[in-house]
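Chemist: Below you will find the structure I want to go over with you.
None of the figures in this text is laboratory data; all of them are computed from the coordinates on show. As the structure is a computational prediction, the values presented were derived from the model and not from experiment. A quick note on method: Cβ atoms are made from the backbone with ideal geometry, for glycine too, and the neighbour counts reach across all protein chains shown.
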Protein chains: 2
Amino acid sequence: MAVSESQLIERYFRGLGARRDDTVLGIGDDAALLRVPAGCELALTTDALIEGVHFLPGAAPRALGHRALAVNLSDIAAMGASPSWALLSLNLPLADEAWLGEFAAGFGALARAHDVALVGGNLSRGALSITVQLAGLVPAGEALRRAGARAGDDLYLSGSVGDAACGLQLLRGDAVAVAADAAWLRERFEYPAPRAALGQALRGVASACIDVSDGVYIDATRLLAASGCGATLELERLPLSPALRRTLGDEAWRSALWGGEDYELCFAAAQAQAGAVLALAARTGQAVTRIGALHPGAGLTLTSAGEVMQFSPSGFDHFGN
Amino acid sequence: MAVSESQLIERYFRGLGARRDDTVLGIGDDAALLRVPAGCELALTTDALIEGVHFLPGAAPRALGHRALAVNLSDIAAMGASPSWALLSLNLPLADEAWLGEFAAGFGALARAHDVALVGGNLSRGALSITVQLAGLVPAGEALRRAGARAGDDLYLSGSVGDAACGLQLLRGDAVAVAADAAWLRERFEYPAPRAALGQALRGVASACIDVSDGVYIDATRLLAASGCGATLELERLPLSPALRRTLGDEAWRSALWGGEDYELCFAAAQAQAGAVLALAARTGQAVTRIGALHPGAGLTLTSAGEVMQFSPSGFDHFGN
């Protein structure tokens, strides 16, 4: 690179995101120094986006900056923690400053919106990949986990599911939609909205929580396995957006269950908390839908029109009848 | 990958490294949960190794596991912090389990030696690159920084420098050495020893500190710029290993100044601390050499036999006379 790594970091990344009083030292030394308040635990996560695996070659850099942070914000939200500090490792084939400017704009806007400071990172030459590490804070002992749900609890989803996978199909040219729906669905893939406020509000209310990155079926199954329960999910209750229904019709539920990349929250709560769930959904402005209930046993059972759906390792064979 | 990411993480990475009482929740949820003691600041850093940039294609996976953690341990050492928790993001072209086993062995052994727990990470398909994030703990207000050195301070280096760059030359076939020297120099590149105990011992003694990743010339210049000082470095004082002298002869100093990848510590301390520096070097079993002194002004001046070396943007033109 004609411009050095230090110069590019200085130009595009120093001071990116929010200013936080608990950042003692940010970018520019061997490590950042951060103050964790007494009574808080630190939540730490990392996730990577790789060209050709998690996004299409030539993807818009502003969307990549947003999405690389969003997928980590979603993990922190699923713990009920408030996000605080990020590190960024960026592998770039060449020092394209226009690309970097757009990427930083996408990353920075989402970071500021979530009060996250970028406090370190590195920039290397290599096949395009983006790794973000995110730290969050949560009152000690109050974090939400995948474990903790019990038989009798209700199972919930935030927002709508299946949109992002359909958006990716549209970007790939594997589906068609009317223009307004296509734009909205693509945005759901490119600019996922992590459910930070909802996750924090669920502390003390939800019994277990996970974010939906690999599709409702897989992620709900993970929550159930960690909690040692089974659940029944009523297919008709899956929150499907009008745009998804219009675009995929009778196949929309497949995208919802198996699609992934939605970054909604899937959580369980005791029936006695149903009113509290509705209230916090209203307070955070976040749609929340009850999609089923937990029971003793293991695994996720799907029903449609009250009938159990048949399932084989290769996928769903057919509806109940 | 025929085996899923979750299965591979479970098989090779869960429980890797030290067990720590302050790890509330490790691998297996959306984020790790960690307890930072009252009175401590958190030091956070990340560094990446990319095939073809930071290591040669086909490099031994055990060495890569070691080195990916070591370069981050070195950053934490340079802050005077004690390392605690690591996250690992691994991009692999295919799920080679023999490779993963060796990599985990190298990473795990060094992590245990430094009391570091691996608490999270992810595994993706992609061009081989390894990104580690490392958290450390340091008493509030006591971290070492690049800034803080003053005119009149002495400038020091730990260990010996230039070995790793020469080791890389040997691995590339760009240099020759007798067998024992070649093995030792290659090991200095492949298995760098982060100066963790020394860094922690330097708290309250050193006025500024940086780790030597890009070569003494560049990294000392960074320390000086952050501290607003200049310094004179006496070339004859550079700590050069016998193996390096035997292998590179009169060119050894070039590898020492410009080579990089040594992961030694370069630090400043007031003259009144000279005895304390010697004592802590003895206590930590770590060689420390005074290589020069700081003065008002800016930049690093090199002297040889008492004469200032001439320097041009393209490198050193010649010795003083």
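Chemist: For helix A:61-78, what angle does its Cα long axis make with the longest principal axis of chain A, in degrees from 0 to 90 and rounded to 10?
Modeler: 60 degrees
Chemist: Measuring label to label, 7 Å along Cα→Cβ, what does residue A:301 give against each other copy in nm, shortest first?
Modeler: So the label point of residue A:301 gives 8.4 nm to the other copies.
Chemist: Tell me, what ³J(HN,Hα) does each residue in segment B:28-45 have, in order and in whole Hz, if you take phi through Karplus 6.51 cos²θ - 1.76 cosθ + 1.60 with θ = phi - 60° and put x for Gly and Pro?
Modeler: x, 10, 6, 7, 7, 10, 9, 10, 9, x, 4, x, 10, 9, 9, 9, 10, 9
Chemist: Between the label point of residue B:250 and that of the same position in each other copy, find the distances and list them shortest first in nm, with every label point placed 7 Å from Cα along the Cα-to-C-beta direction.
Modeler: Ordered by distance, the counterparts are at 8.6 nm.
Chemist: A further question on this structure: If the viscosity is 0.890 mPa s and the temperature 25 °C, what translational diffusion coefficient in µm²/s does Stokes-Einstein give for segment B:94-243 when Rh comes from Kirkwood over Cα pairs? Show your work: numbers first, answer last.
Modeler: On the way: Rh = 18.4 Å.
Using the Kirkwood radius from Cα pairs, D works out to 133 µm²/s.
Chemist: Now for a separate question. How large are Rg and Dmax for segment B:247-307 when only the alpha carbon atoms are used, in Å?
Modeler: Spelled out, the Cα radius of gyration and Dmax of segment B:247-307 are 14.2, 37 Å.
Chemist: Kindly express, to the nearest 10 degrees and within the range 0 to 90, the angle between helix B:274-284's C-alpha long axis and the longest C-alpha principal axis of chain B.
Modeler: Roughly 30 degrees between the two axes.
Chemist: Let me ask something additional. In debye, nearest 20: dipole of segment A:54-123 around its Cα centre with unit charges on the Cβ of K, R (+) and D, E (-)?
Modeler: Values: 3 positive and 5 negative charges, 23 e Å.
Approximately 100 debye in magnitude.
Chemist: Whole angstrom only: what separates the Cα centroid of segment B:87-112 from the Cα centroid of segment A:229-256?
Modeler: 38 Å
Chemist: Quick one: with label points 7 Å out along Cα→Cβ, list the inter-copy distances for residue A:148 in nm, shortest first?
Modeler: Those separations, rounded to one decimal, come out as 3.8 nm.
Chemist: Same structure again: Would you mind ranking B:221, B:46 so that the residue whose beta carbon has the fewest other beta carbons within 10 Å leads the list? It would help to have the intermediate numbers written out before the result.
Modeler: Values: B:221 18, B:46 27.
So the residues, fewest neighbours to most, are B:221, B:46.
Chemist: Here's another thing I want to ask about it. Average the reciprocal distances over every distinct pair of alpha-carbons in segment A:154-308, invert the result, and give the Kirkwood radius in Å. Walk me through the intermediate numbers first.
Modeler: On the way: mean 1/r = 0.0639 Å⁻¹.
Computed over segment A:154-308, the radius equals 15.7 Å.
Chemist: Further, regarding this structure: If every alpha-carbon in the protein assembly as shown counts as one equal scatterer, what log10 I(q)/I(0) does Debye give at q = 0.06, 0.10 1/Å?
Modeler: Taking Cα atoms of the protein assembly as shown as identical point scatterers yields -0.36, -0.90.
Chemist: Provide Rg over Rh for chain A; use the alpha carbon set for both Rg and the Kirkwood Rh (inverse mean inverse pair distance).
Modeler: On the way: Rg = 20.4 Å, Rh = 20.5 Å.
Using only Cα positions, Rg/Rh for chain A is 0.99.
Chemist: Continuing with this model, one more query. Which one, B:221, A:52, A:124, projects farthest toward the positive side of the charge dipole computed for the protein assembly as shown from Cβ point charges (K/R +1, D/E -1)?
Modeler: Checked the options; the winner is B:221.
Chemist: Among A:166, A:229, rank each residue by its count of other Cβ atoms within 10 Å, from fewest to most, as a rough exposure measure. Write down the numbers at each step before the final one.
Modeler: On the way: A:166 29, A:229 25.
Lowest count first: A:229, A:166.
Chemist: Same structure again: Any idea what the dipole of chain B comes to, in debye rounded to 20, about its Cα centre with Lys/Arg Cβ at +1 and Asp/Glu Cβ at -1?
Modeler: Result for chain B is approximately 500 debye, rounded to the nearest 20.
Chemist: What order do you get for A:145-155, A:253-263 when each peptide is scored by the mean count of other beta carbon atoms within 10 Å, highest first? Each step should come with its number before you reach the end.
Modeler: Numbers: A:145-155: 20.2, A:253-263: 23.3.
Top of the packing list down: A:253-263, A:145-155.
Chemist: When chain B is treated as a GNM, springs tying every alpha-carbon pair under 10 Å, which of B:239, B:139, B:194 comes out with the largest mean-square fluctuation?
Modeler: Comparing B:239, B:139, B:194 in the GNM, the peak value goes to B:139.
Chemist: Just from its helices, what would the mean residue ellipticity at 222 nm be for chain A, if runs of 4 or more DSSP H residues each count -39500 (n - 2.57) and the sum is divided by every residue, rounded to the nearest 500 deg cm²/dmol? Could the numbers behind the result be given before it?
Modeler: Values: 10 runs with 108 residues, N = 321.
Taken over chain A, the calculation gives -10000 deg cm²/dmol.
Chemist: Would you mind ranking A:54, A:295 by Cβ crowding within 10 Å, fewest neighbours first?
Modeler: Fewest-to-most Cβ neighbours within 10 Å comes out as A:295, A:54.
Chemist: Can you list residues whose amide H is under 5 Å from residue B:27's amide H, if they're 5+ apart or on another chain and H is modeled 1.01 Å from N?
Modeler: It is B:15, by chain and number.
Chemist: OK, next. What is the set of long-range amide H partners of residue B:120 at a cut-off below 5 Å, with H atoms built 1.01 Å from backbone N?
Modeler: Residues meeting the amide H criterion: B:88.
Chemist: Right, something else. Please list, short to long, the whole-number percent of alpha-carbon pairs of segment A:152-195 in consecutive 10 angstrom bins beginning at zero.
Modeler: P(r) over segment A:152-195, rounded to whole percents: 28, 45, 17, 8, 1.
Chemist: Based on the alpha carbons, how large is the Rg to Rh ratio for segment B:5-139 when Rh follows Kirkwood? Write out the running numbers ahead of the final one.
Modeler: On the way: Rg = 14.2 Å, Rh = 14.9 Å.
On the Cα set of segment B:5-139, Rg over Rh gives 0.96.
Chemist: Angle between the Cα long axis of helix B:179-190 and the longest principal axis of chain B, 0 to 90 degrees, nearest 10?
Modeler: Between helix and principal axis, roughly 70 degrees.
Chemist: Could you tell me the calculated FRET efficiency between residue B:19 and residue B:151, based on Cβ-Cβ distance and R0 = 51 angstrom, to the nearest 0.05? Don't skip to the end; give the middle numbers.
Modeler: On the way: r = 46 Å, r/R0 = 0.91.
E(calc), rounded to 0.05, equals 0.65.
Chemist: Let me ask you something else. Could you grab the relative contact order for chain A? Cα pairs under 8 Å, six or more apart, rounded to a whole percent.
Modeler: Values: 752 pairs, mean separation 68.6, N = 321.
Computed value for chain A: 21 percent relative contact order.
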